[in-house]
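Each remark here refers to the structure printed beneath this line.
The values are calculated or read from the model by the stated rules, or taken from the named source; none is laboratory data. For clarity, every value in this text was computed on a predicted model and none was experimentally measured. Neighbour counts are summed over all protein chains in view; Cβ atoms, including those assigned to glycine, are modelled from backbone coordinates with ideal geometry. Ligands, DNA and RNA are excluded from the accessible area calculation, which covers all protein heavy atoms including side chains. Shrake-Rupley method; radii C 1.70, N 1.55, O 1.52, S 1.80 Å.
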Amino acid sequence: MQIKEEWRATPSGLLRARGLGLALGGQPGPFNAITDVANVEVGYTTLIKGSGPLVRGSGPVRTGVTAILPRGRGRAQLACAAGGFSLNGNGEMTGMIWVEESGQCEGPIAITNTHSLGLVRDALVKWNVRSSASMGQLWGLPVVGETYDGELNDINGFHVTDQDVFAALDGAGSGPIEQGSVGGGTGMIAYDFKGGSGSASRIVEAGGGSWILGSFVQANFGIRSELTVLGVPVGRHLRGGEVRSRPMGSVIAVVITDAPLLPHQLKRLARRVPLGLARTGSVSHNGSGDIFIALSTANADAFAAGEGPRAMAFLPNDELDSLFEATVETIEEAVIDAMVANRPMTGANDLEVRALPHEALMALLGKRIVSSE
């Protein structure tokens with residue numbers, strides 16, 4: 001399979017897993033990102049400032065906001081069929097009670113740090129009101145997830161603002177997206193390496209059609225000894241520089257497909273996310289908030305305003321295996337990319353978090369690094 005440049009590296013030139021030559025399965029879409037699903041847009045606000053000792057309210061700041069618009073800004077408030085799953089609930093994703101009740105997700109999704117969750121949720125409501133002459137209803141329950149960045153970031157300084165949320169939403173776009181220490185993933189740690197934002201996609205054949213499935217993760221979980229890449233327990237050998245004294249952190253995952261699926265089928269996709277995480281070594285620790293949502297952008301007309309019965313196309317359940325496989329593969333690759341497409345970061349109190357070392361990783365896997373040229 002020819003490796004496209006977008007699969008090799010991020011827009012800023014950071015190598016991705018396929019750029020290292022990792023033999024990951026499946027056929028990615030053009031950008032190997034969640035934005036391969038038509039109309040999906042992703043936007044980031046990345047906040048990095050200050051250094052040295054932690055001074056609450058002043059910094060250092062290593063945080064941000066990620067915005068995902070399943071139908072793009074043009075139809076941002078139009079709902080999608082949706083389903084969710086919580087593997088371990090030591091975390092938060094707002095709006096999920098209504099997703100469970102209604103089988104749909106309304107408007108953009110955002111991800112940030114733990115103590116900015118409420119502000120981001122409220123800012124999303126404000127943006128929805130500002131951006132739409134009619135929200136289609138009198139209230140909004142936006143979906144916002146969080147993971148904890150308090151080792152590197154002044155998390156109790158509350159540095160994320162409404163304007164940061166608006167900037168992520170208004171700046172969202174399609175095409176290739178940056179990965180690693182950007183947006184909500186800026187200050188995150190995965191398997192005691194620098195983690196953060198990761199994404200991947202697959203082209204899927206199912207039910208006589210060709211579909212795209214893309215995943216996005218904010219990876220902030222795991223301990224070093226657990227890290228597994230392509231079945232090899234590399235974390236046991238890549239020792240040194242561990243910064244977390246105990247299992248903690250979380251992972252948020254968003255899965256979007258253009259395949260026509262019903263809410264209960266999307267819940268089934270969300271339940272496959274843990275299988276992709278397990279491939280990277282996760283055991284879902286007690287201190288982890290592992291919360292996932294899956295959406296379908298099909299059947300837009302069924303969610304438009306108006307009265308009367310609606311019709312929805314959907315794939316039969318016995319045609320879903322390839323979508324299950326794509327979910328597992330994209331989650332695995334997104335987590336790996338969140339670490340591979342990254343650099344070391346020094347944050348609060350001069351704490352330094354290592355980046356996953358490419359050469360040592362490839363040596364353990366018995367492979368050479370493939371040039372991105």
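In the range 94-109, which residue that is in a strand (DSSP E or B) and open to solvent by less than 40 Å² (accessible area, probe 1.4 Å) is nearest to Met312 (Cα to Cα)? Before the answer, list the steps.
Going through the range 94-109, the residues in a strand (DSSP E or B) turn out to be 104-105, 109.
Filter again for open to solvent by less than 40 Å² (accessible area, probe 1.4 Å), leaving 105, 109.
Numbers: Cys105: 16, Ile109: 23 Å.
Filtering first and then ranking leaves Cys105.
On the given criteria, is Ala305 within 30 Å of Thr257 (Cα to Cα), touching a residue at least 40 places away in the same chain (Cβ under 8 Å) and either aromatic (Phe, Trp, Tyr) or open to solvent by 50 Å² or more (accessible area, probe 1.4 Å) (or both)?
Details: within 30 Å of Thr257 (Cα to Cα): yes; touching a residue at least 40 places away in the same chain (Cβ under 8 Å): yes; either aromatic (Phe, Trp, Tyr) or open to solvent by 50 Å² or more (accessible area, probe 1.4 Å) (or both): yes.
It is true that Ala305 is within 30 Å of Thr257 (Cα to Cα), touching a residue at least 40 places away in the same chain (Cβ under 8 Å) and either aromatic (Phe, Trp, Tyr) or open to solvent by 50 Å² or more (accessible area, probe 1.4 Å) (or both).
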> What tally of residues in the range 136-173 results from selecting those that are buried (at least 16 other Cβ atoms within 10 Å of the Cβ) and either modelled with pLDDT of 95 or more or of a type in the set (A, V, I, L, M) (or both)?
Replying inline: 26
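Can you find, within the range 8-49, the residue that is surrounded by the most Cβ atoms within 10 Å (Cβ to Cβ) among those that are assigned to a loop (DSSP other than H, G, I, E, B), polar (S, T, N, Q) and touching a Ser or Thr at 6+ places or on another chain (Cβ under 7 Å)? Give the steps one after another, and end with the answer.
Step one: list which residues in the range 8-49 are assigned to a loop (DSSP other than H, G, I, E, B), which gives 10-14, 16, 21-33, 37-40.
The next check asks that each one be polar (S, T, N, Q); those that pass are 10, 12, 27, 32, 39.
Then keep just the ones that are touching a Ser or Thr at 6+ places or on another chain (Cβ under 7 Å); that gives 32, 39.
Working: Asn32: 30, Asn39: 17.
Checked the range 8-49; the qualifying residue surrounded by the most Cβ atoms within 10 Å (Cβ to Cβ) is Asn32.
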> Out of the range 227-251, which residues are out of contact with any Asp or Glu (no Cβ under 7 Å at 6 or more places or on another chain) and under 30 Å from Ala206 (Cβ atoms)?
Replying inline: Thr228, Val229, Leu230, Gly231
> Can you name the number of the only condition in (1) farther than 30 Å from Leu364 by Cα; (2) open to solvent by 10 Å² or more (accessible area, probe 1.4 Å); (3) within 18 Å of the chain's Cα centre (by Cα) that Pro263 fails?
Replying inline: (3)
> Among Glu100, Glu92, which is the only one that is under 13 Å from Ala270 (Cβ atoms) and either more than 20 Å from the chain's Cα centre (by Cα) or charged (D, E, K, R) (or both)?
Replying inline: Glu100
>> Within the range 174-190, does at least one residue satisfy the condition of being open to solvent by 10 Å² or more (accessible area, probe 1.4 Å) and either without any contact (Cβ under 8 Å) to a residue 24 or more places away in the chain or among the hydrophobic types (A, V, I, L, M, F, W, C) (or both)?
In response: yes
> Using beta carbons and a limit of 6 Å, which pairs, at least six apart or on different chains, have the first residue in the range 31-45 and in contact (Cβ under 8 Å) with a residue 24 or more places away in the chain and the second one in a loop (DSSP other than H, G, I, E, B) and among the hydroxyl-bearing types (Ser, Thr, Tyr)?
Replying inline: Thr35/Ser174; Glu41/Ser174
